[in-house]
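To start, the structure under review is shown below, and the notes come after it.
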Ligand SMILES: NC(=O)c1ccc[n+]([C@@H]2O[C@H](COP(=O)([O-])OP(=O)(O)OC[C@H]3O[C@@H](n4cnc5c(N)ncnc54)[C@H](OP(=O)(O)O)[C@@H]3O)[C@@H](O)[C@H]2O)c1
């Protein structure tokens, strides 16, 4: 199968390119090569490639920046998704778009399944949800995959080349002590695992919305503690509350996703968050 990866040099895009290249012909597309907000330009690029599958990781997802630049956030997350949906219908490729746990407001208190009502709280979340809706309504061969707290070996480009793991390692090296919240709970997930499970999913025609995160749930504090212990970081780490930090943007404080639809297909291959984290750290950061 010929597979185009949009955002190929991003955090998730890098792992998608590597994993899909083991089984398929991959055409990596960076932002310099495709602009998803430009329908005609995207049509030319994707028509020329004639891919069977397009994996889109492109997003405006610096969350505070989305709040101050809502038009640009809607342009990329909303209109960009609409453009790809129209092109999927016109050119006949399967489309994968990645979305977010932030479509939920966090009040459920139990893991969210795909059929739970959404209540996005911020410009980022609202525009990502708009993107989901455009895709659901403008094409048929789509997989919308909601992920959460992602981290990979190439840190997130939209977040100044960081992710939570990088932030913790840098904080431990530069600060006398580190404080991390205990009352924000989710399931952080490595991009490599998402890429592997996406590969299994797209070989089916079971189109629809999927949650794709690691198993279990964890607070950012507990997640940080595992990083500190695994990498033997000696800087003191203390628990804190979300109330200790100024709230720049509204976000869900409980956004654990249940991979219910993957499980129904027998395709939930995601590992437990702790196993995934420890093996990621050993692979990329251990001395
Ligand atoms: N980070 C998280 O914790 C998290 C959580 C939930 C969901 N997600 C979702 O996961 C996906 C992937 O995130 P990531 O961390 O891999 O992001 P990333 O590292 O910022 O990569 C995004 C890629 O898309 C490109 N891009 C941005 N705008 C574009 C546009 N208008 N047209 C074409 N390409 C464009 C970027 O290029 P340039 O950098 O050169 O612009 C970059 O290569 C996103 O959809 C995000 O919403 C992330």
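The values are calculated or read from the model by the stated rules, or taken from the named source; none is laboratory data. Note that the structure is a prediction, hence the values are computed from the model and not measured. We place every Cβ from the backbone using ideal geometry, glycine too, and count neighbours over all the protein chains shown.
Below, the figures for the structure above:
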| item | result |
| --- | --- |
| Every residue from region 73-97 that is within 18 Å of the chain's Cα centre (by Cα) and either part of a helix (DSSP H, G or I) or without any contact (Cβ under 8 Å) to a residue 24 or more places away in the chain (or both) | 73, 74, 76, 77, 78, 80, 81, 84 |
| Residue 34 vs. criteria at pLDDT 95 or above, more than 8 Å from the ligand (Cβ to nearest atom) and closer than 18 Å to residue 139 by Cβ | no |
| All positions within region 57-68 that are out of contact with any helix residue (DSSP H, G or I) (no Cβ under 6 Å at 6 or more places or on another chain), assigned to a helix (DSSP H, G or I) and within 14 Å of the ligand (Cβ to nearest atom) | 64, 65 |
| Matching residues, region 48-72, being touching a residue at least 60 places away in the same chain (Cβ under 8 Å) and touching a strand residue (DSSP E or B) at 6+ places or on another chain (Cβ under 9 Å) | 53, 55, 59, 61, 62 |
| Matching residues, region 1-56, being part of a loop (DSSP other than H, G, I, E, B) and within 24 Å of residue 204 (Cβ to Cβ) | 1, 7, 8, 22, 23, 24, 50, 51, 52 |
| Among the candidates 276, 200, 206, residue that is assigned to a helix (DSSP H, G or I) and in contact with a strand residue (DSSP E or B) (Cβ under 9 Å, 6 or more places away or on another chain) | 276 |
| Flag for residue 137 being more than 14 Å from the ligand (Cβ to nearest atom), part of a helix (DSSP H, G or I) and either under 26 Å from residue 201 (Cβ atoms) or touching a residue at least 40 places away in the same chain (Cβ under 8 Å) (or both) | yes |
| From 23, 43, residue being more than 10 Å from the ligand (Cβ to nearest atom) and closer than 24 Å to residue 195 by Cα | 23 |
| Test for residue 166: is it in a helix (DSSP H, G or I) and either farther than 24 Å from residue 108 by Cα or more than 16 Å from the ligand (Cβ to nearest atom) (or both) | yes |
| Residue in region 190-197 that is more than 16 Å from the chain's Cα centre (by Cα), surrounded by fewer than 22 Cβ atoms within 10 Å (Cβ to Cβ) and away from the ligand (no atom under 12 Å from the Cβ) present | no |
